[in-house]
1. Please work out which one of (1) within 14 Å of the chain's Cα centre (by Cα); (2) crowded, with 16+ Cβ neighbours inside 10 Å; (3) at pLDDT 90 or above is the condition residue 112 fails and give its number.
2. Quick check on my filter: what residues within region 126-139 are surrounded by fewer than 14 Cβ atoms within 10 Å (Cβ to Cβ) and either under 17 Å from residue 59 (Cβ atoms) or out of contact with any strand residue (DSSP E or B) (no Cβ under 7 Å at 6 or more places or on another chain) (or both)?
3. If I filter region 10-21 for residues that are in contact with a helix residue (DSSP H, G or I) (Cβ under 7 Å, 6 or more places away or on another chain), surrounded by 12 or more Cβ atoms within 10 Å (Cβ to Cβ), modelled with pLDDT under 80 and over 24 Å from residue 101 (Cα atoms), do I get at least one hit?
4. Among the numbered criteria (1) surrounded by 14 or more Cβ atoms within 10 Å (Cβ to Cβ); (2) touching a strand residue (DSSP E or B) at 6+ places or on another chain (Cβ under 9 Å); (3) in a loop (DSSP other than H, G, I, E, B), which one does residue 96 miss?
5. Please pick out the residue among 128, 55 that is outside any strand (DSSP E or B) and at pLDDT 90 or above.
6. From the list 124, 71, exactly one residue is within 15 Å of the chain's Cα centre (by Cα) and closer than 21 Å to residue 37 by Cα. Which is it?
7. How many residues are farther than 24 Å from residue 95 by Cβ and out of contact with any strand residue (DSSP E or B) (no Cβ under 9 Å at 6 or more places or on another chain) when one looks only at region 109-125?
């Protein structure tokens with residue numbers, strides 16, 4: 001880091017830029033989720049019957065209500081849930097914030113390449129990539 005980069009970073013902290021960015025990131029993880037009612041409608045079920053998917057859908061609780069991140073649903077596909085989702089969800093740490101998971105799922109990964117192109121975990125799974133590779137990436141991420 002150069003002296004100028006250090007001074008710029010210090011100025012960002014003093015202005016509160018990093019706090020604002022953190023709040024915006026956390027909000028993104030929550031805002032990119034839908035309700036049980038919306039998920040049930042997607043599958044032609046009632047909100048109470050969405051419980052037929054335990055372990056197959058990822059959800060978190062906000063203000064006493066289950067919220068389902070939209071990254072796990074694939075538009076235009078009959079099976080519309082991300083392939084191998086349950087295996088991937090098992091690899092998430094219990095204390096991972098929804099925004100951290102959203103960031104992971106939307107960020108191209110160095111070790112998830114197809115024809116030389118880095119793919120996001122969502123793209124990787126949709127294109128038939130091995131879920132174990134993502135589990136390994138998550139494991140190394142959580143260990144660091």
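The values are calculated or read from the model by the stated rules, or taken from the named source; none is laboratory data. Treat the numbers as computed from the prediction; the structure is a model and nothing was measured. Positions of Cβ are backbone-derived with ideal geometry, glycine not excepted, and every protein chain shown enters the neighbour counts.
1. (1)
2. Of everything in region 126-139, those that are surrounded by fewer than 14 Cβ atoms within 10 Å (Cβ to Cβ) and either under 17 Å from residue 59 (Cβ atoms) or out of contact with any strand residue (DSSP E or B) (no Cβ under 7 Å at 6 or more places or on another chain) (or both) turn out to be 128, 130, 132, 136, 139.
3. So the first thing to find is which residues in region 10-21 are in contact with a helix residue (DSSP H, G or I) (Cβ under 7 Å, 6 or more places away or on another chain), and the list is 12, 18.
Next, only the ones that are surrounded by 12 or more Cβ atoms within 10 Å (Cβ to Cβ) stay: 12, 18.
Checking the rest, the ones that are also modelled with pLDDT under 80 come to 12, 18.
Keeping just the survivors that are over 24 Å from residue 101 (Cα atoms) gives 12.
Checked against the condition, which is being in contact with a helix residue (DSSP H, G or I) (Cβ under 7 Å, 6 or more places away or on another chain), surrounded by 12 or more Cβ atoms within 10 Å (Cβ to Cβ), modelled with pLDDT under 80 and over 24 Å from residue 101 (Cα atoms), region 10-21 yields at least one hit.
4. Among (1) surrounded by 14 or more Cβ atoms within 10 Å (Cβ to Cβ); (2) touching a strand residue (DSSP E or B) at 6+ places or on another chain (Cβ under 9 Å); (3) in a loop (DSSP other than H, G, I, E, B), residue 96 violates only (2).
5. One residue alone meets the criteria, 128.
6. On the way: 124 fails: closer than 21 Å to residue 37 by Cα.
Exactly one residue qualifies, and that residue is 71.
7. 4
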